[in-house]
1. Restricting attention to the range 218-258, and to residues there that are surrounded by 24 or more Cβ atoms within 10 Å (Cβ to Cβ) and of a type in the set (S, T, N, Q), which single residue is farthest from S420 (Cα to Cα)?
2. Has the range 1-9 got at least one residue that is of a type outside the set (A, V, I, L, M, F, W, C) and either under 15 Å from W138 (Cβ atoms) or modelled with pLDDT of 95 or more (or both)?
3. So how many residues does the range 157-172 have that are open to solvent by less than 10 Å² (accessible area, probe 1.4 Å), touching a Ser or Thr at 6+ places or on another chain (Cβ under 8 Å) and of a type in the set (A, V, I, L, M)?
4. Of all residues in the range 52-79, how many are assigned to a helix (DSSP H, G or I), out of contact with any strand residue (DSSP E or B) (no Cβ under 9 Å at 6 or more places or on another chain) and open to solvent by less than 10 Å² (accessible area, probe 1.4 Å)?
5. Need the failing condition index for A83 against (1) under 26 Å from W42 (Cα atoms); (2) assigned to a helix (DSSP H, G or I), just the number.
6. Say whether the condition of being hydrophobic (A, V, I, L, M, F, W, C), surrounded by 18 or more Cβ atoms within 10 Å (Cβ to Cβ), over 21 Å from the mean Cα position of the chain (by Cα) and in a helix (DSSP H, G or I) is met by at least one residue in the range 179-194.
7. Being open to solvent by 10 Å² or more (accessible area, probe 1.4 Å) and among the hydroxyl-bearing types (S, T, Y) is the filter; apply it to the range 106-154 and report the residue that is farthest from L34 (Cα to Cα).
Amino acid sequence: MTGPNAGIVTVNPTTGDELASYPYTTPAAIDRVLETASSTHWAQSRVDERVAAINRLGDLLAERREAFATLITLEMGKPIRQARAEIDKCVTACRYYAETLPQILEPETFDIDGDEAVVRAVPLGTVFAILPWNYPWWQVIRAMLPAIAVGNTVVLKHAESVTGNALAIQDVFRKAFGTGVLQTVIVDASTASDLIGDNRLAAITFTGSDRVGALVAARAGSALKKCVLELGGSDPFIVLADADIPAAAHAAVQSRFLNNGQSCIAAKRILVHHQVCDAFIDALIPHVHSLRVGDPTAEETEVGPLARQDLCDSLRDQAALAMAAGGRVIAQADAPDPEGGAWFAPSIIEVQERNSILLTDETFGPLGALTTAETDEELIAIANSSRYGLSSSLWSTDSAHAESVSSKIHAGAVFVNTISATDPRLPTGGVKASGYGRELGKWGVYELANLQTVRSRKT
């Protein structure tokens, strides 16, 4: 920390105006948070108590949907309809875990050479969650609700730019689960790094860039702590020669520009078979041009500002480098004057150089790359050339063809004839520089649990 009055200031990305200031959590307060988290009764709670609390959380989210959605839009610029959808998705996850948790936590029994063996999922302790701003509520629900469901407690260090959301999340979890199950600390990066080594924290989960993820993993590794990483993505959107071109073009625009283009699993690299490239571009352009970009509080808005000005500046630099290397803009939507807000005109740039920055690096905002290839094999090679491997989307009207290609994609997920999306029922996570470990579904519950074996000799 930089001093007794150190803290952060949140900014409205639509206007550039300051919203609120928050002091950093003091060392004494951090100590109280850790003590409360490690001494709460939650680990000893019954499964039916957890189910009831998860349902209470779902009820509270549904009741305060509009207020929470408005706060998301205010702090990060997400269009209001998409912000409501984020809260709705959180409610869906609550209902899923409330319904399935008894089955997920049912111990599995085995007969081992006449002995009785049981494998059960028991909590690890307190999880330190370092989470990002782009889905301020969904990121917490998807990463931490499974951990809480198995009996862990959580200390949350949310992104600074959504501190108002972080405190609202803490409040609603306290009302649903009681004191100490999820608590927020407002700390800088250095303090967060130091906290990873605290012996009251049993595991770490981090969502963010691969650069910071490597630092978190190293710190967690030195403390011999379980670590789950959901890192960057440069997801390929692969259009094969037998794809439904109108459907694929519409989906590509939806995937690339949803959440103002700020999604790890967005269609960032659009890879099109040369036989259908012209038709695909012709179908793509009208969808980009018709995007409604503007005030995220307006019901009709589809794309708002980026969450911060520095993110906008970085995206402009990436676009300039791609253009200087021979790229050309093939589709662009109108956007407000950038004066004041973090505005970037949604764009698709066609690139031919395989080392273009738009193909090698992650673009986190409303900027997509499109390139073509002569064969399926070349499309697969381009898709797999990225250091990332989070998700992917593949388009073909021939199921056997799609299956053959999908089996060769190096990614945590392949979505065929639909866009990449997370779902409470399915595991999500990546490979390569996109991290390791899984969130959601029963796998998310087991990921941050002690899978304990008890073998009893029959007497």
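The values are calculated or read from the model by the stated rules, or taken from the named source; none is laboratory data. The model shown is predicted, which means the values in this text are computed figures rather than measured ones. Neighbour counts are summed over all protein chains in view; Cβ atoms, including those assigned to glycine, are modelled from backbone coordinates with ideal geometry. What goes into the accessible areas is simple: the full protein's heavy atoms, side chains included, and nothing from ligands, DNA or RNA. Shrake-Rupley method; radii C 1.70, N 1.55, O 1.52, S 1.80 Å.
1. That would be S234.
2. Step one: list which residues in the range 1-9 are of a type outside the set (A, V, I, L, M, F, W, C), which gives 2-5, 7.
Restricting the remaining residues to those that are either under 15 Å from W138 (Cβ atoms) or modelled with pLDDT of 95 or more (or both) gives none.
No - not one qualifying residue is present in the range 1-9.
3. Result for the range 157-172: 3.
4. Going through the range 52-79, the residues assigned to a helix (DSSP H, G or I) turn out to be 52-63, 65-76.
The next check asks that each one be out of contact with any strand residue (DSSP E or B) (no Cβ under 9 Å at 6 or more places or on another chain); those that pass are 52-63, 65-73, 76.
Now drop any that are not open to solvent by less than 10 Å² (accessible area, probe 1.4 Å), which leaves 53-54, 57-58, 61, 68-69, 72-73, 76.
Residues meeting the conditions: 10.
5. That leaves (1) as the condition not met.
6. There is no residue in the range 179-194 that is hydrophobic (A, V, I, L, M, F, W, C), surrounded by 18 or more Cβ atoms within 10 Å (Cβ to Cβ), over 21 Å from the mean Cα position of the chain (by Cα) and in a helix (DSSP H, G or I).
7. Here the answer is T109.
One line per residue, one yes/no per condition, for (1) assigned to a helix (DSSP H, G or I); (2) touching a strand residue (DSSP E or B) at 6+ places or on another chain (Cβ under 8 Å):
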{"position": "V140", "(1), (2)": "yes, yes"}
{"position": "A143", "(1), (2)": "yes, yes"}
{"position": "P146", "(1), (2)": "yes, yes"}
{"position": "V154", "(1), (2)": "no, yes"}
{"position": "V162", "(1), (2)": "yes, yes"}
{"position": "A168", "(1), (2)": "yes, no"}
{"position": "R174", "(1), (2)": "yes, yes"}
